[in-house]
Every structure is written in C-alpha cells, then in structure tokens.
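Working notes, beginning with the structure itself.
The values are calculated or read from the model by the stated rules, or taken from the named source; none is laboratory data. Since this is a predicted model, take the numbers as computed values, not measurements. Counting neighbours? That spans all protein chains shown, and the Cβs are built from the backbone with ideal geometry, glycine included.
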Amino acid sequence: MLSICRELGIRVIPSGPDHWEGVPQWLQGKDPFADEEVVRAHEAWWEAFTTRFRDAPTILAWNLLNEPSVRWESAAMKTKWNEYLQAKYGTLDQIAAA
C-alpha cells in the first residue's frame, strides 16, 4: 500500500492497532491503558512498525491510537493515575501548587 501511495504522491498517517478488527483473546477483559502486558504489547508493536517504516517518505505522521477511549473511572486507571501523581509531585501540597 505504501508503495502505491508513493507512486501517487499520497501521504498517509498510520493508526495503531485498534478493536475494529476484533479484540484478540489475550486482550479480552483487560484495560488497554492500565494493564502492563497490554501497554508493553502496544509498545512492541509500534517499535517494530516504526523501525520497519521509519524512512518511508509517504508517512506524514504516526497516530498511536485513533480516538482513544480511556476508562478513567476504572479502579486500575485511578491507581495508575495516583501512582503517577505521587511519583511526579510527592505530596498533595505540591500537586495543588502545580
């Protein structure tokens, strides 16, 4: 596809793996933003994809995930968010000051 786009002078923005093709069994029931196995799988996929196509002149930009829907209300995301805030700011006073 990229070679055809190059011939036609078309630039593309590849979008990351999503659920349109169906969710693989190993991903079912997991939070794609909070589950470390899923995050590592996405990182590995993008690492392989961008390594393979990094010099493709038809690629205008990379869209890591089209219209992500983060489940902020999930217990896993709340835990990850609080861990991030604790690591970045340390205390509630420092968070409030930021």
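Scanning the range 47-98 for residues that are outside any loop (DSSP other than H, G, I, E, B) and in contact (Cβ under 8 Å) with a residue 40 or more places away in the chain gives Phe53, Ile59, Asn63, Ala76, Met77, Thr79, Lys80. Here the condition is being of a type in the set (D, E, K, R), in contact with a Ser or Thr (Cβ under 7 Å, 6 or more places away or on another chain) and surrounded by 14 or more Cβ atoms within 10 Å (Cβ to Cβ); of Arg11, Arg6, it holds for Arg6 alone. Name the single residue, out of those in the range 12-26 being assigned to a loop (DSSP other than H, G, I, E, B) and more than 25 Å from Glu73 (Cα to Cα), that is modelled with the highest pLDDT. So the residue we want is Ile13.
Just one of the listed residues (Gly29, Gly9) is out of contact with any helix residue (DSSP H, G or I) (no Cβ under 7 Å at 6 or more places or on another chain), modelled with pLDDT under 90 and on the phi > 0 side of the Ramachandran plot, and it is Gly29.
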